[in-house]
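**Student:** Structure provided below as structure tokens; questions to follow.
The values are calculated or read from the model by the stated rules, or taken from the named source; none is laboratory data. Nothing here was measured: the structure is a model prediction, and the numbers come from that model. Cβ atoms come from the backbone with ideal geometry, glycine included; neighbour counts cover every protein chain shown. The protein model used for the area step is the full one, side chains on, heavy atoms only, and it has no ligands, DNA or RNA in it. Shrake-Rupley method; radii C 1.70, N 1.55, O 1.52, S 1.80 Å.
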Amino acid sequence: MATSQEGIKEQHEEAVRLVREGMVCSTSKSSQEIPLTNKLQPMHEIKNNHGVDKLAQYEPFWTTRGRADVSRLQELVREGYNMTYKTTKGLGGGGGNRNTSSANSKKNSAATSSTASKTRAAARPQYTEKDIASKTNLWDPANAALHNVSIVRPSHDAWGIHKIILLFCDDFVQRRYALPWWHNRDDIREAMQPILTVLNVDASRVVRLLLASLPPGVTIPVHEDSGAWVGLTHRVHVPIIVEQVDNILFRCGGTVETMERISTTPGHVFEMNNQAKHAVSNCSNDYRVHAILDYVDPEYAASLPPQINLDPAEILVQTRRSIDRIKDQGMRPTPSYMILGAQKAGTTSLYEYMIQHPLIVRSRRRETHCFDWRWNSSLTTASEQRKWCHQAYFKEELSQHPSCLTGDSTPSYLIDSRRVIQRLKAVFPWPMKFFVMLRNPVKRAESHFAMVTSPKGTPAQLKTRGFEWRDKSFKDVVMEDLQNMRQCGLIPYWNIATGELDQALFDSFSGTDKENHAWDLYLKDIPLNTGSYSLLGRGMYELNLRPWLANFAKHDFLVLPLERFESDGVSSIMEKVWRHVGLPSYQVDDESAKNTRSYDSMMDQDLYVSSRTERKLSIQTPNNSKRRTSHMLFLTVELLKPFLRASQSSTGDIAWR
């Protein structure tokens, strides 16, 4: 949570008091590199979960790595480091008008919590060469915008901090950028080399490198850094220009109460655990300049994406967690993925888990239905339909941010393959990732029946669910669906009256053109205008999947049984999801199930099969012991099990619980 302005004021007053009282700088307890295993979570979480004594295992929270000659760097950046700059003409120039920067920061913060929050529109610098007073002044935002590249750092900009950015990456270290003043200027690289030599770090391992000039009278409040990059990198500070060392209060520690003061003598190369509490206050009357860099371990460096050398005056577009080149605009088409179904199998939960990722943007509608219920038959071309469908997404915002992606969850698509597949291929002809959620078919059917027959909901929801099943029992709906299947020739091996399966006939029929034709007839005959259809058909997963796998590459599908979320854990399953859509790992905060409802199990009912003797059925369990069961469970296990078995190539071994 951001510190209030009043809180920052109080912290600054406290810092001034500590400086006046002569708070002593601590001595480093180590000169060694801080292990990244000490940065797996913020210190406040460790304290809250395990107690303050646990923090001792993560010490030291900062170390002196050595001393570096920064005289050449001082010469390069001294000009203009303590001037005031206007930033209203450009993109995050880095200092000056703090009121404007603060307002923009609040606006961006508010946007981050909205539906389309993960995207931020590009702002194009409007500087000209006439705006540059001196080309050797690297702090001038006009000079940076035209000869380097401007990058927004909302918090730093709000505090009025000037900046010279040389290397930068997004939050997940997926996009690494070398700015022109780094890759085009030998003098800057040579001036930085003494620091890298002290650290024994090659420049190829550095993912962020900048210089920051903190205005006098400004406090960066106590905080812990956040973002995936924090746990992947070592954070290093090096004071460069500090005219009044005694009046700079830089502190770091496991808790607010135990933060230690760190010397800001120029050339002091120190590493800190930025998952720990830290803060800095400039209590002097002059600006203070630090070099700040983040580097990765050698093992991780080998897997880093290639570094991109930016051109002077390039435009970058940013979200809180991503950064893209404007020249890459439109590289990722919208949408990138679809959750096809099955209905009442956890599709809402999957969707809500996915949009917690900082790089996934919620669609305007979770269930777009643009290929079934909302298909606009008045439009005659694919481009017109594409424009129509794109109304369900934040397409314009996303086009500027190819790091970000979006999709939707329309669970009726899976069974409605006759209509949806051809429309989808025509309207969105690019490669796409698909998700299919499966669930114990008995529980799926129960949940489906309970949903559409529930009187609760808005008028629109009730209309969408349909009224066809309102006056029917669960058994009535089951038998009705079986009769439909029988009439279409879909279940020639199943005797509805006796409840007997002809295994030999099933084996010879399954997977044949006759079965595919019968399935097509079944889909053709069922109404698709509400949710009150195919209670059993929706649970015949292999048949549902078959046309999809015939029209799209199998590797574009990820099939997930809902039960695995409980048995394997949400985090474990979501790792598969992130890999499937090509995103870096992310821990979702809210793992609760979504769109659930309470209902009485249909297994509590005495359901019978109509036969001459009207007998209650029993089935063989895997251990060959008999047990009494309901009609629906019998149908599911004995009749539908062959259908429910998803092919090994698409779903693996699924054991329903």
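**Student:** How would you rank 66-77, 265-276, highest first, on the average number of other Cβ atoms within 10 Å across their residues?
**Tutor:** On the way: 66-77: 17.8, 265-276: 22.6.
Sorting 66-77, 265-276 by mean packing, highest first, produces 265-276, 66-77.
**Student:** Determine the alpha carbon to alpha carbon distance for each of 514/554; 395/554; 387/443 and list only those over 32 Å.
**Tutor:** Details: 514/554 23 Å; 395/554 27 Å; 387/443 38 Å.
Going by Cα-Cα distance, 387/443 fall outside the 32 Å limit.
**Student:** Follow-up. Ordering 64, 197, 464 by accessible area with a probe of 1.4 Å, largest first, what comes out?
**Tutor:** On the way: 64 30, 197 90, 464 60 Å².
From most accessible down to least: 197, 464, 64.
**Student:** Rounded to the nearest 0.05, what FRET efficiency do residue 391 and residue 313 have when you use their Cβ-Cβ distance and R0 = 45 Å?
**Tutor:** With a Förster radius of 45 Å, E is 0.85.
**Student:** Each residue of the range 409-416 in turn: what ³J(HN,Hα) in whole Hz from Karplus with 6.51, -1.76, 1.60 and θ = phi - 60°, glycine and Pro shown as x?
**Tutor:** So the J values, rounded to whole Hz, are 10, 10, x, 7, 4, 4, 7, 8.
**Student:** Can you give me the long-range amide H partners of residue 437? Hydrogens built in the peptide plane at 1.01 Å from N, cutoff under 5 Å, separation of 5 or more residues or another chain.
**Tutor:** Result for residue 437 returns 340, 341, 342, 560.
**Student:** Taking a 1.4 Å probe, which of 555, 401 shows the most accessible area, and what order do the others take after it?
**Tutor:** Working: 555 130, 401 0 Å².
Descending order: 555, 401.
**Student:** Find, among the chymotrypsin sites (Phe, Trp or Tyr not before Pro) in the range 496-562, those assigned to loop by DSSP (not H, G, I, E, B) with at most 12 other beta-carbon atoms within 10 angstrom. Show your work: numbers first, answer last.
**Tutor:** Working: sites: 506, 509, 519, 522, 533, 541, 548, 552, 557; in loops: 533, 552.
Those that pass, being in a loop and sparsely packed, number zero.
**Student:** So if I place +1 on the C-beta of Lys and Arg and -1 on the C-beta of Asp and Glu, and nothing else carries charge, what would the dipole magnitude of the range 309-409 be about its Cα centre? I want it in debye, nearest 20. List each step's numbers first, then the result.
**Tutor:** Details: 14 positive and 11 negative charges, 49 e Å.
In debye, rounded to 20, the range 309-409 gives about 240.
**Student:** Non-local amide H neighbours of residue 557 (under 5 Å, H modeled in plane, Pro and chain starts lacking H): which ones?
**Tutor:** So residue 557 has HN proximity to 434.
**Student:** Under 1.5 on a/c is rounded, so check that first for the range 427-489, then, if it is not, pick prolate when a/b is larger than b/c and oblate when it is not; a ≥ b ≥ c are the square roots of the alpha carbon gyration tensor eigenvalues.
**Tutor:** Values: a/c = 1.89, a/b = 1.29, b/c = 1.46.
Since a/c reaches 1.5 but b/c is at least a/b, the shape of the range 427-489 is classed as oblate.
**Student:** Same structure again: With θ taken as phi - 60° and the coefficients 6.51, -1.76 and 1.60, list the Karplus ³J(HN,Hα) couplings across the range 453-467 in order, rounded to whole Hz; mark glycine and proline as x.
**Tutor:** 9, 6, x, 7, x, 6, x, 5, 5, 5, 5, 5, 5, x, 10
**Student:** Further, regarding this structure: Considering only Cα-Cα distances, which of the following residue pairs are longer than 24 Å: 9/47; 433/576; 475/594?
**Tutor:** Numbers: 9/47 26 Å; 433/576 13 Å; 475/594 27 Å.
Listed pairs above 24 Å: 9/47; 475/594.
**Student:** Pull out the extension gain between residue 473 and residue 204, defined as 0.36 nm times the separation in residues minus the alpha carbon to alpha carbon distance; nm, one decimal.
**Tutor:** Values: separation 269, 0.36 × 269 = 96.84 nm, distance 6.79 nm.
So the extension gain works out to 90.0 nm.
**Student:** Each residue of the range 9-14 in turn: what ³J(HN,Hα) in whole Hz from Karplus with 6.51, -1.76, 1.60 and θ = phi - 60°, glycine and Pro shown as x?
**Tutor:** 4, 5, 5, 5, 4, 5
**Student:** Can you list the aspartates and glutamates whose alpha carbon sits under 19 Å from that of residue 39, skipping same-chain ones fewer than 8 residues off?
**Tutor:** Once the sequence-local aspartates and glutamates are set aside, what remains near residue 39 is 53, 59, 170, 171, 224, 225, 260, 271, 294, 297, 299, 589.
**Student:** Continuing with this model, one more query. Which far-off residues, 5 or more places away or on another chain, put their amide H under 5 Å from the one on residue 322, with H placed in the peptide plane?
**Tutor:** Correct list: 171.
**Student:** To continue, here is another question. Could you list the chymotrypsin sites (Phe, Trp or Tyr not before Pro) in the range 428-500 that lie in coil according to DSSP, counting only those with at most 14 other Cβ atoms within 10 Å of their Cβ? Write out the running numbers ahead of the final one.
**Tutor:** On the way: sites: 434, 435, 449, 467, 469, 474, 493, 494; in loops: 467, 469, 493.
Answer by residue number: 467.
**Student:** Still on this structure, please answer the following. Quote the FRET efficiency, to the nearest 0.05, computed for residue 377 versus residue 585 with a Förster distance R0 of 51 Å and r equal to the Cβ-Cβ distance.
**Tutor:** Numbers: r = 43 Å, r/R0 = 0.84.
Between residue 377 and residue 585 the formula returns 0.75.
**Student:** State the extension gain, in nm to one decimal, for the chain segment bounded by residue 54 and residue 246, taking 0.36 nm per residue of separation less the distance between their alpha-carbons. Please list the in-between numbers first.
**Tutor:** Details: separation 192, 0.36 × 192 = 69.12 nm, distance 3.26 nm.
Net length gain for the segment: 65.9 nm.
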